[in-house]
There are 2 protein chains.
Amino acid sequence: MKVANRRKFLALGPALGGALVGCSGEKKQQAAAEDDGPNRLGKPVSEYGERSQFEKTHRLKPETKTPEQASTKTPLAEIHGMITPSALHFERHHAGVPALDPAKHSLMIHGMVERPLLFSMAELKRLPSVSKIHFIECAGNSGSEWGAKPAPDAQTSHGLVSCSEWTGVPLALLLEEAGAKKEATWIIAEGADACKMNRSIPIAKAKGDIIVAYAQNGEALRPEQGYPLRLVIPGWEGNINVKWLRRLELTDQPAMSRQETSKYTDLEASGKARQFTFVMDAKSLITFPSGGRKLEGPGFYEVRGIAWSGRGRISKVEISADGGKTWQAAALQDPVLPMALTRFRFPWRWDGAECTLLSRCTDETGYLQPTRAELIAVRGMNSNYHYNGVHGWKVEAGGNVTQVVQPV
Amino acid sequence: MKVANRRKFLALGPALGGALVGCSGEKKQQAAAEDDGPNRLGKPVSEYGERSQFEKTHRLKPETKTPEQASTKTPLAEIHGMITPSALHFERHHAGVPALDPAKHSLMIHGMVERPLLFSMAELKRLPSVSKIHFIECAGNSGSEWGAKPAPDAQTSHGLVSCSEWTGVPLALLLEEAGAKKEATWIIAEGADACKMNRSIPIAKAKGDIIVAYAQNGEALRPEQGYPLRLVIPGWEGNINVKWLRRLELTDQPAMSRQETSKYTDLEASGKARQFTFVMDAKSLITFPSGGRKLEGPGFYEVRGIAWSGRGRISKVEISADGGKTWQAAALQDPVLPMALTRFRFPWRWDGAECTLLSRCTDETGYLQPTRAELIAVRGMNSNYHYNGVHGWKVEAGGNVTQVVQPV
């Protein structure tokens with residue numbers, strides 16, 4: 001035991017530089033004085049807690065004249081674990097956040113069904129329910145990486161992904177109740193925002209794992225996430241997870257709506273556009289160290305990040321500290337859940353020299369996250385959506401961390 | 001398929017009474033008009049989200065002259081899934097919530113160690129980390145059930161339990177760094193609140209799964225939960241999960257502090273007190289239907305609740321709708337995690353007659369939650385702590401739900 005402790009100490013101790021300070025005598029007294037805490041009573045209990053006055057982490061507001069038709073991103077470098085705080089979940093609105101009264105909100109299921117149905121929120125909450133932890137990612141997440149101009153930090157490059165525990169009614173159950181006619185092949189989902197944003201969903205997925213969700217991370221959905229009702233479509237691009245859900249119409253063709261024709265299609269190099277590219281492919285991102293940070297000197301660091309796949313569980317994350325020459329497996333935090341963010345960690349000793357840190361992931365289907373060159377060779381560079389190339393950060397000799405753009 | 005749908009419809013439809021309304025013609029138009037939503041732009045994006053103005057769920061403030069030395073409870077009947085919203089995590093403070101500046105906060109590890117250590121928050125965050133979903137439960141939770149006077153609702157009876165994803169440094173790692181001397185058998189953990197609340201932890205547990213946590217549900221700990229640093233001691237009574245942690249002293253005996261002598265000990269019928277009764281035994285609670293609710297009439301309801309054990313995973317939850325004569329297995333929501341709340345669900349058709357709903361759980365050690373009579377036969381009725389008897393709700397013929405006190 002003693003030897004093991006000593007070995008452990010030698011491995012980590014110097015890695016922290018002056019971090020592991022022996023505190024005896026004067027130093028201990030100083031520590032005790034500094035750390036004496038307030039000796040008066042603190043704040044009383046409260047009805048609904050708020051974060052500390054010292055915490056300032058926030059979503060970056062875009063510089064825009066139309067903040068109702070805009071997005072904000074999750075500060076990925078400042079958060080921890082698998083669950084994204086609801087207050088920091090990314091946003092993407094097309095007509096602002098409506099203030100819907102749940103007592104007046106309803107969901108209509110109609111079109112090619114045996115029995116058109118209308119549910120109040122109270123009625124939905126009586127039905128069999130499910131709770132699942134899933135990421136939601138905008139199709140445009142990391143879209144800036146298609147270009148040659150690197151984004152400065154993790155929030156800017158990849159912040160359009162977040163992960164919550166969602167609770168609601170399985171859509172499959174509602175469809176069984178309504179009785180989908182056999183000619184119904186699509187469902188058009190419509191929101192109650194001012195633009196009545198709508199998207200078309202193939203019925204096979206609708207009979208699968210989609211949740212008509214009314215709760216997020218234990219409480220009611222946040223307004224920006226569709227209060228009081230939204231679709232959660234595990235693994236599929238964010239835009240189709242329709243928020244402020246008010247209507248589901250079963251049809252025999254897609255709506256060909258604005259958001260699935262002029263937007264959220266992928267223009268290939270040939271000039272042809274891929275449409276209905278729903279699934280978010282496997283992606284990983286190192287969140288520490290990441291752009292805008294400065295390492296304080298050589299020594300031990302824990303490289304941390306997140307990986308996710310719209311096709312199931314993450315099975316492996318590998319880290320390269322030499323720009324892709326060699327790769328080593330990172331540890332995955334359990335539980336590793338399908339279509340959920342998976343936290344990875346990798347112990348790393350920085351020698352102080354300039355280096356490039358990369359991550360790549362593999363999902364349970366065997367799919368390996370492609371390099372930027374591999375992705376562009378297949379998809380071209382015309383699209384704004386579905387970028388999932390291997391991403392890197394350069395650690396400069398002085399400790400500053402900046403983004404690397406991988407060569408094509 | 002058609003037959004299956006019809007069967008499903010017949011099973012659920014009448015169960016909902018008038019809930020599944022066919023909407024065609026006039027009804028459909030009315031629905032569309034009611035549900036038209038605002039046709040003006042909604043709110044813009046924001047830096048840090050807040051819940052809807054329509055949501056009022058809150059912790060009940062106690063009627064007390066000393067709200068700094070008090071507790072609030074999680075509204076268990078109003079929350080969903082496994083994760084408790086941080087804003088609704090139960091509270092128990094002995095000297096109020098201190099406003100600690102993380103830039104000035106430190107953790108000292110000293111006493112019977114080879115190398116006394118002092119860590120700033122920044123230094124702790126560089127070390128290898130872990131994220132785990134665990135419940136924390138006050139030893140006094142459901143303590144009112146020892147008596148014969150029933151608590152009116154789930155929050156009042158059982159609301160001193162909550163569950164979060166905690167991120168921090170394994171305490172075992174810090175102890176390896178410090179080098180615990182072999183005579184060290186206890187660790188005294190001390191908070192930075194005004195009363196410097198302290199508790200003693202056997203070193204075996206400290207070398208196990210304890211987390212020195214700085215994050216909760218993705219962001220920094222909430223002030224009421226120990227910001228910026230606390231212990232998370234999986235499965236052990238809440239009081240020992242010391243908040244605002246500032247000092248860990250290794251010793252060869254427990255501190256015998258106020259909170260482990262006059263409080264948090266269990267007086268048996270014989271007059272002897274059990275001390276250091278750390279582990280929270282398996283417990284379950286039906287949260288819907290629960291006290292204070294009123295069922296709207298006969299038909300289908302999903303019985304929902306939570307189960308947890310300080311000894312590992314929940315392996316089974318059973319529901320009785322006839323006061324304990326017969327039991328049926330409930331569905332457990334995956335992932336079922338050790339020392340975490342586990343959501344259970346049970347489809348139930350109420351015939352409108354008075355009945356008693358009970359839940360009982362079994363954990364992976366094979367331990368079965370005892371009846372109230374079984375518990376009292378072993379422990380007597382002198383203690384305020386560690387009540388985990390089977391709990392029930394009476395559904396009256398009119399639909400009102402009240403608590404049942406099981407006979408001794």
(message) If a residue must be more than 7 Å from chain B (Cβ to nearest Cβ), buried (at least 21 other Cβ atoms within 10 Å of the Cβ) and among the small types (G, A, S), how many such residues does segment A:93-115 contain?
(response) 0
(request) Spot the failing condition for B:A77; the list is (1) at the interface with chain A (Cβ under 7 Å from one of its Cβ atoms); (2) more than 23 Å from A:V97 (Cβ to Cβ); (3) outside any strand (DSSP E or B), and only one is missed. (result) (1)
(message) It is to be established whether one or more residues within segment B:306-313 are polar (S, T, N, Q), at pLDDT 95 or above and farther than 26 Å from B:N241 by Cα.
(response) no
(message) Quick test of your reading of the structure: A:P254 fulfils all but one of (1) on the phi > 0 side of the Ramachandran plot; (2) touching a strand residue (DSSP E or B) at 6+ places or on another chain (Cβ under 7 Å). Name the failing condition by number.
(response) (1)
(message) Considering only segment B:291-299, I want to know if a residue exists there that is in contact (Cβ under 8 Å) with a residue 40 or more places away in the chain, touching a helix residue (DSSP H, G or I) at 6+ places or on another chain (Cβ under 9 Å), more than 24 Å from A:N217 (Cβ to Cβ) and buried (at least 17 other Cβ atoms within 10 Å of the Cβ).
(response) yes
(message) Please determine whether any residue of segment A:56-67 is outside any helix (DSSP H, G or I), of a type in the set (S, T, N, Q), at negative phi and more than 7 Å from chain B (Cβ to nearest Cβ).
(response) yes
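In this structure, does B:L295 turn out to be within 30 Å of B:F119 (Cα to Cα), modelled with pLDDT of 95 or more and of a type in the set (A, V, I, L, M)? It would help to see each step written out before you state the result.
On the way: within 30 Å of B:F119 (Cα to Cα): no; modelled with pLDDT of 95 or more: yes; of a type in the set (A, V, I, L, M): yes.
No.
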(message) Taking the condition of being surrounded by 21 or more Cβ atoms within 10 Å (Cβ to Cβ) and on the phi > 0 side of the Ramachandran plot, how many residues in segment B:369-408 meet it?
(response) 1
(request) Report, by residue number, each residue of segment B:166-181 that is buried (at least 24 other Cβ atoms within 10 Å of the Cβ) and under 25 Å from the mean Cα position of the chain (by Cα). (result) B:W166, B:T167, B:G168, B:V169, B:L171
(message) Would you confirm, using the coordinates I've provided, whether A:G297 is part of a loop (DSSP other than H, G, I, E, B), within 12 Å of chain B (Cβ to nearest Cβ) and at positive phi?
(response) yes
(message) So if I check each of A:T371, A:T402, A:T362, which one is of a type in the set (S, T, N, Q) and over 30 Å from A:F278 (Cα atoms)?
(response) A:T402
(request) Answer with yes or no whether B:R349 is within 20 Å of B:S157 (Cβ to Cβ) and either modelled with pLDDT of 95 or more or touching a Pro at 6+ places or on another chain (Cβ under 8 Å) (or both). (result) no
(message) Scan segment B:136-153 and tell me whether some residue there is within 14 Å of another protein chain (Cβ to nearest Cβ), of a type outside the set (S, T, Y), closer than 30 Å to B:G392 by Cβ and touching a strand residue (DSSP E or B) at 6+ places or on another chain (Cβ under 6 Å).
(response) yes
(request) Tell me, please, whether a residue that is aliphatic (A, V, I, L, M), surrounded by fewer than 17 Cβ atoms within 10 Å (Cβ to Cβ) and within 14 Å of chain A (Cβ to nearest Cβ) can be found in segment B:341-356. (result) no
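Can you tell me which residue among A:E176, A:E165, A:E219, A:E224 is among the charged types (D, E, K, R), without any contact (Cβ under 8 Å) to a residue 12 or more places away in the chain, on the phi < 0 side of the Ramachandran plot and within 10 Å of chain B (Cβ to nearest Cβ)?
Selected residue: A:E176, the only one of A:E176, A:E165, A:E219, A:E224 that is among the charged types (D, E, K, R), without any contact (Cβ under 8 Å) to a residue 12 or more places away in the chain, on the phi < 0 side of the Ramachandran plot and within 10 Å of chain B (Cβ to nearest Cβ).
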(message) Quick check on A:T287: is it β-branched (V, I, T) and not in a strand (DSSP E or B)?
(response) no
(request) Tell me which residues, restricted to segment A:222-256, are of a type in the set (A, V, I, L, M, F, W, C), in contact with a Lys or Arg (Cβ under 6 Å, 6 or more places away or on another chain) and within 30 Å of B:T74 (Cβ to Cβ). (result) A:L245
(request) Please report, ordered by residue number, the strands (runs of 3 or more DSSP E) entirely within segment B:314-408 with at least 1 residues that are free of Cβ contacts under 8 Å to residues at least 24 places away in the same chain and under 24 Å from the mean Cα position of the chain (by Cα). (result) none
(request) Please enumerate the residues belonging to segment B:187-197 that are more than 9 Å from chain A (Cβ to nearest Cβ) and crowded, with 24+ Cβ neighbours inside 10 Å. (result) B:I187, B:A189
(request) Have a look at A:A148, A:A184 and point out the one that is surrounded by fewer than 24 Cβ atoms within 10 Å (Cβ to Cβ), hydrophobic (A, V, I, L, M, F, W, C), more than 30 Å from A:V336 (Cβ to Cβ) and modelled with pLDDT under 95. (result) A:A148
(request) Being closer than 29 Å to A:A340 by Cβ and touching a Phe, Trp or Tyr at 6+ places or on another chain (Cβ under 7 Å) is the filter; apply it to segment B:320-332 and report the residue that is nearest to the other protein chains (Cβ to nearest Cβ). (result) B:A331
(message) Looking only at segment B:198-216, count every residue that is within 11 Å of chain A (Cβ to nearest Cβ) and assigned to a loop (DSSP other than H, G, I, E, B) and tell me the total.
(response) 1
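The values are calculated or read from the model by the stated rules, or taken from the named source; none is laboratory data. Only a predicted model underlies this, so the values are computations on that prediction, with no experimental measurement involved. Cβ sites come from the backbone with ideal geometry, for glycine too, and all protein chains shown count toward neighbours.
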